[in-house]
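Inspection log for the structure reproduced underneath, given as structure tokens.
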Amino acid sequence: MSALDTILVFTADGCPHCRALREDFDRRGVVYREINLSREPEEMARLRELSWEHRLPVVVDHERVSIGYRGGSCTYAELGLE
């Protein structure tokens, strides 16, 4: 699988919805690249190019961008990212 085929998952420490998404993907064997904004804050600019929402988790699957997991999400402010 090339980098272009990889699903990107933007997460942050302390987000229960991010954790649940990762656990679900891992259990189902979904291949993805996690970008943890708590550990890689420089990636915030990349995320802002993809979505105007200020909520996590964000899943980028080619041109499709999905926000939240099973109806739940955390704001950047709640996670200390703003």
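Note on the chain: semi-axes of the ellipsoid equivalent to its C-alpha gyration tensor, largest first and rounded to whole Å, are 18, 15, 11.
Overall, the accessible surface of the chain at a probe of 1.4 angstrom is composed of carbon and sulfur to the extent of 48 percent. Listed peptides 17-26, 65-74 appear in the order 17-26, 65-74 once ranked by packing, highest mean of other Cβ atoms within 10 Å at the front. Protein heavy-atom accessible surface, 1.4 Å probe, per residue over the chain: 61 Å². FRET efficiency for the pair Asp26 and Glu53, taken as 1/(1 + (r/R0)^6) with r the Cβ-Cβ distance and R0 = 30 Å, rounds to 0.80. Note on Met44 and Val65: the model spin-label points, each 7 Å out from Cα along the C-beta direction, lie 1.6 nm apart. Kirkwood radius and radius of gyration were both taken over the C-alpha atoms of segment 31-72, and their ratio Rg/Rh is 0.93.
Here the chain is treated with +1 on each Lys and Arg Cβ and -1 on each Asp and Glu Cβ, and its dipole about the Cα centre works out to around 240 debye.
Name the residue farthest towards the positive end of the dipole of segment 43-82 from the options Tyr69, Ala45, Val59, assuming +1 on Cβ of Lys and Arg, -1 on Cβ of Asp and Glu, about the Cα centre. Of the candidates, Tyr69 comes out farthest on the positive side.
The values are calculated or read from the model by the stated rules, or taken from the named source; none is laboratory data. None of the values given here were measured: they were computed from a predicted structure. Backbone-built Cβ (ideal geometry, glycine too); neighbour counts: all protein chains shown. Heavy atoms of the whole protein, side chains included, go into the accessibility calculation; ligands, DNA and RNA do not. Shrake-Rupley method; radii C 1.70, N 1.55, O 1.52, S 1.80 Å.
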